[in-house]
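The values are calculated or read from the model by the stated rules, or taken from the named source; none is laboratory data. Since the model is a prediction, treat every value here as computed from it, not as a measurement. Positions of Cβ are generated from backbone atoms using ideal geometry, with glycine treated the same way; all protein chains shown enter the neighbour counts.
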Amino acid sequence: MENLLLAAGHVTAPPEEADVVIINTCAVTGESARKSRQAVRHAKKLNPSAKIVVCGCAAQADEEAARALGADYVGGAGERRAVVEYIESLAAGNSGYAGTVGNPSARREIEQLPAGAFDGHSRAYLKVQDGCGNYCTYCIIPYLRGPVRSLPLEDVAREAARLAEEGYREIVVTGIEVSSYGEDIGADFAALVETAARAAGPARIRLGSLEPSRLDRETVRRLAEIPNLCPHFHLSLQSGSAGVLRRMGRKYTPDGFAAVAEELRSRFFDPALTTDLIVGFPGETEEEHEETLAFLRGIEFAAVHVFPYSVREGTAAARMPGRITNGVKARRAQEAAECARICRRAYLERQVGRTLEVLFERGGERGHSENYLEVAAHGEHGKILPVKITGVREDGALEGHVLPARGRTV
Ligand code: SF4
């Protein structure tokens, strides 16, 4: 939306000075929905004369609540261009239309939006997919986003080439459930990554969150042949217990997940395997929690994002018995985070002595390696440079020094 508005000649301003404040909300957890509401209240208070636009998933989930908070315009999770049109009409002197969230299940095509970066970053985001048909029992997203819609391969290629041409050196291929890419248009996930990587030329490709059940051996084999694909795979685990996974409606078992991790490790050199975990799912016993901790230790993830289970009304899990108390959830989250911290430390220490390809940001003093580790070294903003890793800092970043340029440096 920001890119579209800038292209139309508008400028960004601090919220207290802006004519319009856009709050793009999130509903994935109860906490994100709460923060979204808080952001709307805060914007109203900061700048009572601004027009307030509320859009995204929390608005989609509860349009009335968004209006009750004082939104002048409410948009859903699939109508960003309509938001921009509303602002354009305001600029032209009209102010009547108050928006609508639309019907997600009626959405059949992906909304094509200009891919881009967050301000000043060398990494751009290319959204290739929206929607999800998996209906995991805890998740509200399929109800808010609608069915899988994919960006056609030729558009993926065009956008990836444009971003590389504009100087971005890393393109993150994202979506709501990106590994389901193509099921609506007869394409497949590996072809998506091959297409994006070929078109991105000197830029490298990083993949967003993946569903482990979609990464079969043939897909992993094809991915491993892509030279500019980052060896970083965010595989959503959610639980390491077979019983909990079944109740979550996830389409893999812990053994199946471990086999995918093994396959990736056999094809890529020490890839970063990162994940998300939900603790305290309804009915999760101490034994199931222990199974998850053991599984985390077994896989040795490079990073784990731990979330206490959050009830989303309207989902199957919201009706399940055996709610876990907040105290127990917090304790389990803390235990899982401690497990994750130990695994991360081991992964970081394994990097010492290696040479990583770092894309520098922040004025060239820090950047991220191909395996998504933060590296502190003296480089050059916007460039990928080889860095010899010499140590791990207290803050968890790696440190090292830039080596003379090699063939792959861009
Ligand atoms: S695959 Fe992801 S987005 Fe889809 S229902 Fe499951 S958790 Fe939600």
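Summary table below
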| read-out | value |
| --- | --- |
| Condition check for Ala43: closer than 21 Å to Tyr138 by Cβ and part of a helix (DSSP H, G or I) | no |
| Leu277 being within 14 Å of the ligand (Cβ to nearest atom), assigned to a strand (DSSP E or B) and either crowded, with 22+ Cβ neighbours inside 10 Å or modelled with pLDDT of 95 or more (or both) | yes |
| Flag if Ile176 is of a type in the set (A, V, I, L, M), within 16 Å of the ligand (Cβ to nearest atom) and in the same structural domain as Met320 (by TED's automatic domain parsing) | yes |
| Odd one out for Ala242 among (1) in contact (Cβ under 8 Å) with a residue 12 or more places away in the chain; (2) crowded, with 20+ Cβ neighbours inside 10 Å; (3) under 20 Å from His305 (Cα atoms) | (2) |
| Cross-chain or 6+ apart pairs with Cβ under 8 Å, the range 145-169 first and among the hydroxyl-bearing types (Ser, Thr, Tyr), then assigned to a helix (DSSP H, G or I) | Ser150/Leu192 |
| Yes/no for Ala68 being modelled with pLDDT of 85 or more and either closer than 22 Å to Ile140 by Cβ or basic (Lys, Arg) (or both) | yes |
| Count of residues meeting criterion [within 16 Å of the ligand (Cβ to nearest atom), part of a loop (DSSP other than H, G, I, E, B) and out of contact with any Ser or Thr (no Cβ under 7 Å at 6 or more places or on another chain)] in the range 182-214 | 1 |
| Any hit, the range 134-150, residues being under 19 Å from the mean Cα position of the chain (by Cα), under 25 Å from His368 (Cα atoms) and within 11 Å of the ligand (Cβ to nearest atom) | no |
| Check on Phe301, touching a strand residue (DSSP E or B) at 6+ places or on another chain (Cβ under 8 Å), part of a loop (DSSP other than H, G, I, E, B) and assigned by TED's automatic domain parsing to the domain that holds Met248 | yes |
| In the range 137-173, residue surrounded by the fewest Cβ atoms within 10 Å (Cβ to Cβ) [restricted to those that are among the acidic types (Asp, Glu) and not in a helix (DSSP H, G or I)] | Glu166 |
| Scan of the range 116-133 for residues that are within 16 Å of the ligand (Cβ to nearest atom) and either farther than 21 Å from Met248 by Cβ or buried (at least 18 other Cβ atoms within 10 Å of the Cβ) (or both), ordered by number | Lys127, Val128, Gln129, Asp130, Gly131, Cys132 |
| Qualifying helices (runs of 4 or more DSSP H) (wholly inside the range 54-115; at least 1 residues being buried (at least 22 other Cβ atoms within 10 Å of the Cβ) and touching a residue at least 60 places away in the same chain (Cβ under 8 Å)) | 57-61, 80-91 |
| Subset of the range 346-379 that is at pLDDT 95 or above and of a type in the set (D, E, K, R) - its residue that is farthest from the chain's Cα centre (by Cα) | Arg354 |
| Lone unmet requirement of (1) part of a helix (DSSP H, G or I); (2) away from the ligand (no atom under 16 Å from the Cβ); (3) touching a helix residue (DSSP H, G or I) at 6+ places or on another chain (Cβ under 7 Å) for Asp270 | (1) |
| Any hit, the range 328-335, residues being part of a strand (DSSP E or B), in contact (Cβ under 8 Å) with a residue 12 or more places away in the chain and crowded, with 18+ Cβ neighbours inside 10 Å | no |
| Qualifying residue in the range 306-326 (condition: surrounded by fewer than 18 Cβ atoms within 10 Å (Cβ to Cβ), at pLDDT 95 or above, touching a Gly at 6+ places or on another chain (Cβ under 9 Å) and assigned to a helix (DSSP H, G or I)) | yes |
| Within the range 378-391, tally of residues that are touching a His at 6+ places or on another chain (Cβ under 8 Å) and buried (at least 23 other Cβ atoms within 10 Å of the Cβ) | 1 |
